[in-house]
Amino acid sequence: MSNRNKWTSGLTLLLSSALLLSACGGGKEEGGTSGSGSDSSDQELKPVELSWYYPQWSTQPDLKSVEDAVNKITQEKINATIRMKPIDGGSYGQKLNTMVASNEKFDIAWTSFWMFDYAQNARKGAFTELDGAMLDKYAPNLRKTLPDVVWQALKVDGKTYGILNYQTITNREGFLIQKKYVDKYGIDPAAIKEVKDMEPFFEKIKADEPGTIPFSMTRGGKFEVMKTSFNNLEFISNQALIGIYRDDADLRVVDIATTPEYKEYLELMHNWYKKGLINQDAPMLKSDKENLKVGKVASFFHNVLKPGREQEEKTAFGGNEVVAIPITEPFVGTNTIIQSMQAISKTSANPERALMFLDLLNSDPELLNLVAFGIEDKHYTKVDENTVKPIPDGGYDPNQTWVFGNGFISYLREGQEQEIRDQTLQENEAAQPSPILGFTFDPQSVLTEIANIQAVGDQFGPPLNTGAVDPNEKLEEFISKRKTAGIGKVVEEVQKQLDEWKKQNKQ
């Protein structure tokens, strides 16, 4: 039996059993709309309407026909009507935070560590807790699908509030380089063990390829994505620039700006910047997409070198083939996992049915593919049994399966390979997990200090992190300003919370 049929049959059997029990219990219960109350295993499922908010970055003119098709499935299987409510990605976080603040009623919303903050909103009481009977009873497929490491990472203060849209959950740092330069200059990927090993290659590009940027950088710099390359550092707060050493058994929190690794990074970047190996506008540049698109970039650094990354980045590199050169092994951090999830609102009148929908969305390929790709022969055509090609101007091609659900049960887009997907799944299962997996810092007591620290970072970060200024002249001042802004208090608070987490988790 195919995976698709296994998932569908499993959920159908579960729901059929529930309906059979209700029939034996004394007939159909009448009525019921959104707001009619919770579901029960000894009652037939009453009709409900569920609202589902999620971000999208391109308008889908034919959303209505997809929603109608979705509801043919969900009404039959869980007696629920789904109202799909996409919001422009640029304003999604603000819109959802406003809805939460005003206690607006809705059922499901996409959430993440980087937009519409998962941990922060869970702590505010915005989301429904899903542990225990909720997951066991209403999401049996999810329990089986997601590995233990995922459930651990989804915890906020020991409780689960989100459902992961399963995809790659690993980090692996390294370089992405245009293949033509790898071939032309004979780069041996096996010889690149550290960041600094790329310097001879960059010097050749600078000398022999006029108009080409050897190593592309934007104003944020690259230390946050190079952190593991510099002796196993892991960030706890990107805003405050604090973290731990992954191999420190005591899990001592450090001000990363004061570490020898950070100084080493700054000195290397400054050396590269002086030599012209980094684009000179890096301290001001917000995005290098245009440089990439026209083929001006030879290389940049990425922290998620998952299987298939080369193919995905080919378009970004202006259609030029790309080679990935990893310099770390795959590892799993909490933020690596909680990058795309769905949560059920505390204001939902039907949280059990909402969870049943999420279970179905993440286990039924027919439903997920409908949401991800639309309707066959209207929005896409099939290249083969498991590969699809969007129809140009078909009216529906959001190209964001990662926002919707379990990417491992969806169709492949033309150009993707099943082998790559299989490798990604294997890497997920084999990667080394973070020693603080499941810990999320609550910044509420030090928000003022963090805001002050960020202001200092906005002033000193871009020129330092891109190599535009000499760290021997500016680093100590940066560290001093951070102390004045309150970094010591933030480190102390994070350490306090981490120590408490260690006790609770017997670390």
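The values are calculated or read from the model by the stated rules, or taken from the named source; none is laboratory data. Since we're looking at a predicted model, the values are computed, not measured. Backbone-built Cβ (ideal geometry, glycine too); neighbour counts: all protein chains shown. Ligands, DNA and RNA are excluded from the accessible area calculation, which covers all protein heavy atoms including side chains. Shrake-Rupley method; radii C 1.70, N 1.55, O 1.52, S 1.80 Å.
Tabulated values for the structure
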read-out: Solvent-accessible area, 1.4 Å probe, carbon plus sulfur percent, for the chain; value: 47
read-out: Per residue, in Å², the accessible surface of the chain once ligands and nucleic acids are set aside, probe 1.4 Å; value: 44
read-out: Within region 145-229, chymotrypsin sites (Phe, Trp or Tyr not before Pro) in DSSP loop having at most 16 other beta-carbon neighbours inside 10 Å; value: Y185
read-out: Region 66-144: C-alpha gyration tensor shape, a/c 1.5 cut-off, then a/b vs b/c; value: oblate
read-out: Label point at K137 placed 7 Å out along Cα→Cβ; residues across region 43-71 whose backbone nitrogen lies under 18 Å; value: 43-48
read-out: Sequence-separation-based contact order of the chain, relative, with Cα cut under 8 Å and 6+ spacing, percent; value: 23
read-out: Span from the region 55-81 Cα centroid across to the region 350-409 one, whole angstrom; value: 10
read-out: 25 Å Cα-Cα reach of K382 towards lysines, excluding residues that sit fewer than 8 places from it in its own chain; value: K6, K64, K72, K314
read-out: Whole-number percent relative contact order across region 149-227, with pairs defined as alpha carbons under 8 Å at least 6 apart; value: 19
read-out: Cross-link reach list, lysines versus K124, counting only Cα pairs under 17 Å and skipping chain neighbours closer than eight places; value: K95, K105, K155, K159, K346
read-out: Label point distance in nm, Q432-W402, each placed 7 Å from Cα along Cα→Cβ; value: 2.4
read-out: Value of [θ]222 nm, deg cm²/dmol, for the chain, DSSP H segments ≥ 4, -39500 (n - 2.57) each, nearest 500; value: -12500 deg cm²/dmol
read-out: Average Cα contact separation per residue, region 259-326, under 8 Å, 6 or more apart, as relative contact order %; value: 25
read-out: Positive-end residue, the chain charge dipole about Cα centroid, Cβ charges, pick of G132, L142, N279; value: N279
read-out: R0 of 35 Å, Cβ-Cβ distance T59-E321: FRET efficiency to nearest 0.05; value: 0.65
read-out: Cα-projected label distance for D470 with Q75, points at 7 Å along beta-carbon direction, nm; value: 7.3
read-out: Span-rule helices in the chain, defined as complete DSSP H runs reaching 30 Å or more along the axis (Cα) with Kyte mean at least -1.0; value: 3-24
read-out: Residue-span extension gain [A249 to A451] - 0.36 nm each, minus C-alpha spacing; value: 69.7 nm
